[in-house]
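> Submitted below is the structure of interest, expressed as structure tokens.
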Amino acid sequence: MCGIFGYIGQNTNIELGLNALKRLEYRGYDSAGAAWFNDEKKEIFYIKKTGRIKSLEEEINKSVFPKIGNPFIFHTRWASHGGITDANAHPHYDCHKNIFLVHNGIVENYRVLKQRLSEEGHKFYSDTDTEIIAHLIEKFFKGNLEEAVMSALKLIEGTYALVVISQKDPNKIVAARKSSPLLIGVGEKENILASDASAVIGRTKKVVYLNDDEVAVLTPNDFNIFNLDNIKKEKVIDEIDWDLEEAQKGGYKHFMLKEIMEEPEAIQNAILGRLIEDDGNVKLGGLDSVESRLRNIEKLFLIGCGTASFASQVGEYMIEEYAGIPCEFDIGSELRYRKPILDKKTAAIFVSQSGETADTLATLKEFKNKGLLTLGITNVVGSSQARETDAGVYTRSGPEIAVASTKAFIGQLTTLILFTVYLGRQREMSLVMGKRIVSELVKLPDLANQILKTDSEIRRLAEKYKKYHNFFFIGRKYNYPIALEGALKLKEISYLHAEGTAGGELKHGPLALIDENVPTIAICPSDSVYEKMISNIQEIKARKGLVLAIATEGNEEIKKIVDDVIYIPKTLEMLTPILTTIPLHLFAYHIADLLGRDIDKPKNLAKSVTIE
Ligand code: F6R
């Protein structure tokens, strides 16, 4: 979740690095830093500062250092080892300030290495695990930076995206990656390293994704990639199709609102060119290579974290009901420590917006090691998950900048519906049923747009409900995971306490908290569990609880029971989670906005959770 930007090329103004770093701000960070080699002075200058990038910029501007340099490295840190201090910010350096580096990831064996290096006389100035890498490189440095980096990395256990410069070997940048994203931006007489494509768009669209255990050596006109034994590897240059424009707010107050408004588009993009209406089927090119293996699977795991885990849970219900495959959903951070019963007829679908979530990736690796078929539902093209799964389907939701996931969740749900039809039609799903789902899917973007038109009404409700400090979100069956999503979204951006629970669980405990000060958002579309939901709502009303219902349009009866209603259009039961989510995203957004929260960058959270 930290951001990296490294540059070597014809530009010598380090402001370029600051601007690139600002494009990585959405990832969440607590401090920032920079180091640059000034050719005239033959010296690397550096500045590290806690707080926003603005503070780093001010420090650089008021410093007496020359602001000219090349190569240069910039970093935003999200603390994992060691507190949030200037000293712990990156870049880190060795005893003689010859080697400077920035690092995303964790050195797991840093205590042992630190002890050993201290005994050898190395002096440490920070509490970080990262600093150890600088001293290890120093230990092995004999004039060639990449060789020293390779020797150092062989001793490191853990994860890294690493970018290193040295004033004794100054005409290059050396980088390496293991389980933490890093890419090369290939430009005209310049080469760039970044943890994220958004830092390079605007300068180049040509990128090379580094794989685990690869070391890259960049000069202004060239780049070469090696394995840790210094054997050169061939790499393919990819073209990225996101431009800077797409990554901007587009006139909305917050990225999050813009992204909610893009939810109909997220559905549209996910289904585009993938529906075969006459056959009641879908075409998922990303699954072609595993089609016959998928026909034979007898069990499916669905795995994600946070919001992506709620999509996985909806997927579990859908695939079980319509494709008839036994499914099990779990969150990445749990499944990896369990001992699930697996055999060669088990496959797993990993769901992730970023494709870089450490706990999801760790489970993926575990499943791969066991020889199971692994599939991805991923938004970020070329991400670790997209590359490591055997096959997969992109959600095509476009860049999601706000920390809270919204349109990517809608993209995940839509893609899971496609998966359901694909797997179902391989099995018992009838042509009629396939056609029904597909034809309802076609209508979904328009139905989603209708909900967005109720935005001002939802804002009015947010005004009414913003004064409460505790909320319940309830739902059943397909909308139980959506209750979890509604609660997570509200708590993460408004900092109000919200709890999602299955409607049927209320009387097993949570009901004790219900009174006139604890409102409940009840998701109760007209579906197979509607009557049960109404009973749950009655239980709440009997205890003076306030209820805001999400119901299907035409349901006038519900108005007599609850305090407020937001209507959604009618669709198939299995598709309702997409429609019920949209008002919940808007509700959370408006409450947070009315409370003046830092919506796109909520405190303590980061966009891409690349540590475990
Ligand atoms: C919540 C949110 C997180 C992410 C989770 C997984 O709004 O954004 O819960 O869903 O960190 O992230 P990805 O989808 O990138 O794996």
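The values are calculated or read from the model by the stated rules, or taken from the named source; none is laboratory data. Being a predicted model, the structure only gives us computed values, none of them experimental. All Cβ positions, even for glycine, are placed from backbone atoms using ideal geometry, and neighbour counts span all protein chains on display. Please note that ligands, DNA and RNA were not included when accessible areas were found on the heavy atoms of the full protein model with its side chains. Shrake-Rupley method; radii C 1.70, N 1.55, O 1.52, S 1.80 Å.
> Angle between the Cα long axis of helix 130-140 and the longest principal axis of the chain, 0 to 90 degrees, nearest 10?
30 degrees
> Shifting gears a bit: Could you rank His92, His254, His497 by how accessible they are, 1.4 Å probe, largest area first?
His497, His254, His92
> Please list 401-409, 486-494 highest first by mean number of surrounding beta-carbon atoms within 10 Å per residue.
Details: 401-409: 27.6, 486-494: 24.9.
Put in order of decreasing packing, that is 401-409, 486-494.
> Suppose accessible area is computed on protein heavy atoms with a 1.4 Å probe; arrange Trp36, Trp242 from highest to lowest.
Ranked list, largest accessible area first: Trp242, Trp36.
> Provide the net charge surrounding Leu586, with neighbours chosen by a C-beta distance below 9 Å and charges set as Lys +1, Arg +1, Asp -1, Glu -1. Provide the component values of the computation, followed by the final result.
Details: positive: Arg459; negative: Asp455.
Net local charge, Leu586 excluded: 0.
> Sticking with the crude label model, points 7 Å out along Cα→Cβ, report the distance from Gln115 to Asn230 in nm, one decimal please.
Calculated label separation equals 3.1 nm.
> Hey, can you grab everything whose amide H is under 5 Å from the amide H of Glu499? Only 5+ residues off in sequence or another chain; H modelled, so Pro and N-termini drop out.
Under 5 Å from the amide H of Glu499: Phe471, Phe472, Phe473.
> Which distance in Å, rounded to a whole number, links the C-alpha centroids of region 114-193 and region 4-21?
Region 114-193 and region 4-21 have Cα centres separated by 19 Å.
> What's the local net charge at Thr85, with K and R +1, D and E -1, over the other residues with C-beta under 15 Å away?
-3
> Keeping the other protein chains in place, figure out the carbon and sulfur percent of the accessible area of region 454-607, with a 1.4 Å probe.
Working: 2770 of 5650 Å².
Using a 1.4 Å probe with all protein chains present, region 454-607 comes out at 49 percent carbon and sulfur.
> First compute the accessible area of region 262-377 with a 1.4 Å probe, then give the percent of it belonging to carbon and sulfur atoms.
Accessible surface attributable to carbon and sulfur in region 262-377 totals 46 percent.
> Measure up Lys172/Lys206; Lys123/Lys189; Lys339/Lys491; Lys443/Lys507; Lys464/Lys491 against 28 Å on the Cα-Cα distance and list the ones that go over.
Values: Lys172/Lys206 20 Å; Lys123/Lys189 38 Å; Lys339/Lys491 32 Å; Lys443/Lys507 37 Å; Lys464/Lys491 17 Å.
Violating the 28 Å Cα-Cα cut-off are Lys123/Lys189; Lys339/Lys491; Lys443/Lys507.
> HN-Hα J couplings of region 218-226 from phi, Karplus 6.51/-1.76/1.60, θ = phi - 60°, integer Hz, Gly and Pro as x?
Each residue's phi maps through the Karplus curve to give 10, 10, x, 10, 7, 9, 9, 10, 10 Hz.
> Quick check: net charge around Ala148, other residues with Cβ under 14 Å of its Cβ, Lys/Arg +1 and Asp/Glu -1?
For residues surrounding Ala148, the net value is 0.
> Can you give me the long-range amide H partners of Lys283? Hydrogens built in the peptide plane at 1.01 Å from N, cutoff under 5 Å, separation of 5 or more residues or another chain.
Distant-sequence amide H within range of Lys283: Leu275, Ile276.
> Right, next: Rolling a 1.4 angstrom probe over the protein chains, ignoring ligands and nucleic acids, what is the accessible area of Val380 in square angstrom, nearest 10?
Taking all protein chains as shown, Val380 has close to 40 Å².
> Around Cys305, which amide H atoms from residues at least 5 apart in sequence, or from another chain, sit under 5 Å from its own amide H, with H modelled in the peptide plane?
When sequence neighbours closer than 5 places are left aside, the close amide H contacts are Gly332.
> Here is a further query. In the structure shown, do any of Lys154/Lys235; Lys42/Lys232; Lys532/Lys559; Lys22/Lys466; Lys205/Lys233 have a Cα-Cα gap over 27 Å, and if so which?
Lys42/Lys232; Lys22/Lys466
> As a test of reading the structure, rank Phe140, Phe37 by solvent-accessible area (1.4 Å probe, protein chains only), most first.
I get Phe140, Phe37, largest accessible area first.
> To the nearest 10 degrees, how steeply does helix 53-62 sit against the main Cα axis of the chain, on a 0 to 90 scale?
Once rounded, the angle reads 30 degrees.
> Residue by residue, what Karplus-based ³J(HN,Hα) values in Hz, rounded to whole numbers, does region 183-200 have, using 6.51, -1.76 and 1.60 with θ = phi - 60° and x for Gly and Pro?
The phi angles translate into 9, 9, x, 9, x, 7, 6, 7, 9, 10, 10, 8, 7, 7, 4, 5, 7, 9 Hz.
> Follow-up. Working from Cα positions, state the angle (0 to 90°, nearest 10) between the long axis of helix 407-426 and the longest principal axis of the chain.
70 degrees
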